[in-house]
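Below you'll find the structure, written out as structure tokens, and then a few comments.
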Amino acid sequence: MSPIRILTAVPICDGHDSAINTINLEFIRHGIEVIYLGYHRSARDIARAAVQEDVVAIGLSTYNGGHIEFFGEVVDLLEQRRLAPPIKLFGGGGGTITHADAQIMYGHGVDRIFFAGTPLEEMVKYLRGGYGDVARFPYELAFAGSDQFLSRQLTLADNGSGLPPQASETASAASKRVRSTKVIGLTGPGGAGKTTLIDELVLRFLHSHAADRRAAILSHDPSIVGSGALLGDRATMIYSQHDRVFMRSIGTRGMTGGLSLSTDRCLRILAESNLFEFILMETVGTGQEAIPFGVDRHLVDQSVLVMPPDYGSRIQLQKIAMIDVADVIVVNKADLRGARTALTEIESRIRTNRKGQSLLCTQANRHRDTGVDQLFELLFTGTGTGTDTPK
Amino acid sequence: MTPLGQVVLAIEEYRRFVVSQIRKARTDHEFGQQILQKWQEAKARIGTTVTPTGLRLPRLALPDLDEAGEIARFLCEEGLPGEFPYLTAAYPEQYLEPAAINSKENENRRNHEKPFIEEPTRLFAGLGLAEDTNARFHYLSRNQRSKRLSTAFDGPTLYGVGAAADGVFGKIGEGGVAIDTVEDMERLYAGFALDQPNVSVSMTISGPAPILLAMFLVAAKHRFGPDVGPKLRGTIQADVLKEVQAQNELIFPIEPSLRFLADMVDYSSREMPRWYPISISGYHIAEAGATPVQQAAYTLSNGFAYVDYFRNRGLDVNVFGPRLSFFLDCGLDVEYVALARVCRKIWAIGMREVFGGGNRAQILKLHTQTSGRSLIAADWHNNLTRTAVELMLACMNATNSCHSNSADEPFTTPSEEYARYAAHAQAILLEESGLFRHMMNTLPGSPGMKVIGNAVEEAILEEFREIEQQGGVLGAVERRYQRSQIQASGHMLENQIYDGVRPVIGLNRYFDQGRDWPEVRMMRTQKEQKRLQLDRLQDFEKRHAEESERCLDRLSEVVDNGGNVFEELTRTVEHCSLGQMTERLCEVVGKFRPMV
Ligand code: B12
């Protein structure tokens, strides 16, 4: 059985996240998959994320007042989408939401408010009872092209992930040729800054491409079969909270190597939708042996390895398999100590590889970083040059 | 090693010094005599006081010591009030009423409308629009000798978004006051003589702090003339690091946020010498779930990180050091018996030994707030008692100013009624009861307080060592160290409450009230007021449409070419709204990437 998937967030202009942090952990402990969107989030960002993640419900934790308006706004945005089944909205805010407020909110379509002092188990029980087995079917073709149509396809693909992928899907070197969307895979150890880098690339995409062009992000987080998971990459995204971006988080559900069993299928669905110019795929933080996109990197058009400069103290360079396979190697956090050493070491390694790999240095957490500009050029326009190795 | 590592070494060194002083006092006859003499002199300086019941008491209670070694221990480990290492108190006298309140010459001081002392009471308030909060300030300070106005801003203001931003309408004026423009700022403190020494203002805001302080300064100039800067007294929170660790209101990335802060500190130390441009805050860290030790350790280490940062900017520790102040939480956990005292000591040693701070820079000046999170909705009148206990702990730790929470804290911005009870709680403790008004050091010095203090001190040092391991404060921040620790403690706290390990009366035991919704007066902002705020903002932006773009361009330029951004803001605020300025600054320096 696939886990219950919900989205949680704290409304705009509100940073009270202590309650939701605890509640997230309780949900996860009880086998629920939680996509956490973070604090200070607008109703539009919340509704968009919920649709793209195809969750059964949204849990909001609100403290800074205006909850009647805010919950109402989220309900309205969801209703406009004519979702089937509708995404339910629940939440809490300690003593700031009165019983009288809750009555008004219920009248407006909110499903459940938890008042101050509610035991944590009661919330878990509510989710288990109400959302344990919500049946989900594909949307009718009339919805084709919409986010909910696509995201439901992804849900159905992802939930079949207990089964081995079909042979035709794994040997999809051929499938790569039919798609019109470019797939860029980003991998690397945890803490390298992959999510930040993706968000910064998206910012540049939004600026440089026409307003009708969209990009997709497929992001992986580690999870174990039959237990919950926190899918938290969305929470640290700034620019990707945008109507021109379709982002989907998937749990690996026990798969090692950085991806999920359903990755291949999800990628195909995204690519074949023809809605996107680019798909950015992020693996979970990987170990030294991982080659998540395959040696022939059949899953992606271009693979990027993102490394923190201080890897040397943790793993020896010789042992990182991806260095021989990636098309582009990025040393991120170039401000940290050791960046120079990292660059020199990797440079000499790829020179001996003689595969035409590119090496770039970025500082994704810096605004308008020129290294990220170069990476963007290289990946999105094919014109940029890195520290290209002699051919 | 970062400066924090040096602080750890300095404290270890100081402990060895104390031991050597004690030994010396016992073995070196001449030194022993000096100590005894110093002690006699200190005792001789203490005045006496007579209580209303006729009891004669010294104005300072000192331990009953006549052996040089033990005296040396007291002087080095605790110190006389107002003397290094300031464990006992920051100043020689706090909370004490004038010596002879009953005597003839004090006849005219017996004004029943005002307290005898300069009271530490500083109640945090903010609701609705500027004029609503202004009315609350007038109400709260009507009986005060010193008018200490402490301002709570609403969510949109804290996040630097204008009232007109998409989806924020419902939050205008909720939980704090809505301020969009310099004109709102003028309304906010109308009727208060900001140029007088008995009026001070505190602004609890960090993300857009430089913008708000610029608005405040300019609004004051409009009212009191261009030379008012040096007369302005007050504090602005402006604590960037605790926003990243606990309060989640940072707007710009850490680096530019620190730069804007340093620009502000630089400017205010020159032009507003009576202003405290940063309030290094543990309150939010504790309220987000941290243990008392974590609160103290992260707050102090943040403080040292600021000092290091400002010093590297070329600012003089003896100029900005005395303008730093602290803000701690006081809850019901046993650590609070001695927590703030220990903080004063650690700060003093660190500032003296590592940063070369003189006396005034060594003193940790403290504002305390009783714990909001300890107050709960169930059987909520019990919150009066909780706050009273916490207040007593705060005063035992000799806090310099204090906010006591209202009993309706779990529900709403306080109603007038409960804000009054909260203020009266302080008056009852400090003016009505005899605990603090006759004698300094009435309660400290018990074996328990010492044992707790020592345990707390060692635990704080242990946290410092861990942070140092992570590359110092900024390195640890980058790795989410403080955040993850605070969150883990917050999770533990809630689980302890639900498991009953942590008794909470009315919640996990003694349910004498049902689960019915209690009668509480909710202080909400009406739709019409919210609309009025919007109209005012739009009207301001329209009136200044011509100049605003030019001002914003000049602001961008100053940011880009490394000038003092705060100084430029004092011009920008004349023509631009808060939302316009933050938006422009985000374009130039980027947005803070949320840490979760
Ligand atoms: C902790 C706290 C803070 C901390 C927050 C730390 C953090 N990172 O979370 C700090 C000190 C930073 C803070 C700051 C502010 N705070 Co505050 N804060 C509180 C406090 C004391 C406790 C809230 C809390 O976390 N409780 C613990 C949780 C676990 O318990 P609970 O609230 O009872 O919630 C239960 C249920 O409701 C449910 N629940 C809650 N959310 C959700 C969500 C879901 C999905 C589910 C299923 C259940 C659920 O689970 C809980 C367990 O049963 C409350 C007052 C109080 N005593 O309640 C004020 C309070 C919420 N804060 C308030 C205000 C005004 C502010 C500020 C705006 C003050 C200012 N002007 O500067 C700032 C804004 C901060 C920001 N970034 O937005 C007001 C709000 C008033 C209003 N709405 O009119 C309150 C009510 C205090 C007051 N009376 O003034 N605050």
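Restricting attention to the stretch A:125-140, does a residue exist that is within 13 Å of another protein chain (Cβ to nearest Cβ) and either at pLDDT 95 or above or open to solvent by less than 20 Å² (accessible area, probe 1.4 Å) (or both)? No, every residue in the stretch A:125-140 fails to be within 13 Å of another protein chain (Cβ to nearest Cβ) and either at pLDDT 95 or above or open to solvent by less than 20 Å² (accessible area, probe 1.4 Å) (or both).
Among the residues of the stretch B:498-517, write down those that are touching a His at 6+ places or on another chain (Cβ under 9 Å) and within 14 Å of the ligand (Cβ to nearest atom).
Residues of the stretch B:498-517 that are touching a His at 6+ places or on another chain (Cβ under 9 Å), as a first pass: B:516-517.
Across the stretch B:498-517, the qualifying residue is only B:W517.
Residue under question is B:L461, and the condition is that it be more than 9 Å from chain A (Cβ to nearest Cβ), in a helix (DSSP H, G or I) and over 25 Å from the mean Cα position of the chain (by Cα); does it hold? Spelling it out, it is not the case that B:L461 is more than 9 Å from chain A (Cβ to nearest Cβ), in a helix (DSSP H, G or I) and over 25 Å from the mean Cα position of the chain (by Cα). Which ones in the stretch B:471-511 are farther than 17 Å from B:V293 by Cβ, open to solvent by 30 Å² or more (accessible area, probe 1.4 Å) and in a loop (DSSP other than H, G, I, E, B)? If the condition is that a residue be farther than 17 Å from B:V293 by Cβ, open to solvent by 30 Å² or more (accessible area, probe 1.4 Å) and in a loop (DSSP other than H, G, I, E, B), then B:G471, B:R479, B:R480, B:V501, B:P503, B:L507, B:N508, B:Y510, B:F511 are the ones that fit.
Restricting the stretch B:381-408 to residues that are crowded, with 22+ Cβ neighbours inside 10 Å, part of a loop (DSSP other than H, G, I, E, B) and within 14 Å of another protein chain (Cβ to nearest Cβ), the residue that is farthest from the ligand (Cβ to nearest atom) is B:A407. Can you confirm whether A:Q148 is under 28 Å from A:S240 (Cα atoms), surrounded by fewer than 21 Cβ atoms within 10 Å (Cβ to Cβ) and more than 14 Å from every other protein chain (Cβ to nearest Cβ)? Yes, satisfied.
Given the condition in contact with a His (Cβ under 9 Å, 6 or more places away or on another chain), touching a residue at least 40 places away in the same chain (Cβ under 8 Å), in a strand (DSSP E or B) and under 19 Å from A:V306 (Cα atoms), answer yes or no: does some residue in the stretch A:279-286 qualify?
Step one: of the stretch A:279-286, the residues in contact with a His (Cβ under 9 Å, 6 or more places away or on another chain) are A:281-284.
From what's left, touching a residue at least 40 places away in the same chain (Cβ under 8 Å): A:281-284.
Checking the rest, the ones that are also in a strand (DSSP E or B) come to A:281-282.
Right, trim to under 19 Å from A:V306 (Cα atoms) and you get A:281-282.
Yes, the conditions are met somewhere in the stretch A:279-286.
For the stretch A:24-31, indicate whether the set of residues that are among the acidic types (D, E) and within 12 Å of the ligand (Cβ to nearest atom) is non-empty. Looking for residues that are among the acidic types (D, E) and within 12 Å of the ligand (Cβ to nearest atom), one finds at least one in the stretch A:24-31, hence yes.
Restricting attention to the stretch B:409-420 and to residues that are within 14 Å of the ligand (Cβ to nearest atom) and away from chain A (no Cβ under 14 Å), the residue that is surrounded by the fewest Cβ atoms within 10 Å (Cβ to Cβ) turns out to be B:E417. Here B:S325 meets each of (1) open to solvent by less than 20 Å² (accessible area, probe 1.4 Å); (2) in contact (Cβ under 8 Å) with a residue 60 or more places away in the chain; (3) not in a strand (DSSP E or B) with one exception, condition (3). Identify the single condition in (1) more than 14 Å from the ligand (Cβ to nearest atom); (2) outside any loop (DSSP other than H, G, I, E, B); (3) open to solvent by 10 Å² or more (accessible area, probe 1.4 Å) that B:R136 does not satisfy, given that it satisfies every other one. If we test B:R136 against (1) more than 14 Å from the ligand (Cβ to nearest atom); (2) outside any loop (DSSP other than H, G, I, E, B); (3) open to solvent by 10 Å² or more (accessible area, probe 1.4 Å), just (1) comes out false.
Need at least 2 residues that are open to solvent by less than 10 Å² (accessible area, probe 1.4 Å) and within 14 Å of chain A (Cβ to nearest Cβ) per element, so show me which helices (runs of 4 or more DSSP H) inside the stretch B:149-255 make the cut, counting only ones lying wholly within it. Step through it out loud before you land on a result.
Details: elements: B:155-158, B:182-188, B:209-224.
It comes to B:155-158.
Would you confirm whether or not the stretch A:82-101 contains a residue that is surrounded by fewer than 22 Cβ atoms within 10 Å (Cβ to Cβ), within 12 Å of chain B (Cβ to nearest Cβ), near the ligand (Cβ under 10 Å from one of its atoms) and of a type outside the set (F, W, Y)? Yes: one or more hits.
Give the stretch A:102-138 a look and list any residue that's more than 6 Å from the ligand (Cβ to nearest atom) and on the phi > 0 side of the Ramachandran plot, or say none. Passing the criteria: only A:G109.
The values are calculated or read from the model by the stated rules, or taken from the named source; none is laboratory data. Only a predicted model underlies this, so the values are computations on that prediction, with no experimental measurement involved. As a convention, Cβ positions derive from the backbone with ideal geometry for all residues, glycine included, and neighbour counts pool all protein chains shown. We work out accessible area using only protein heavy atoms, side chains counted, and drop any ligands, DNA or RNA first. Shrake-Rupley method; radii C 1.70, N 1.55, O 1.52, S 1.80 Å.
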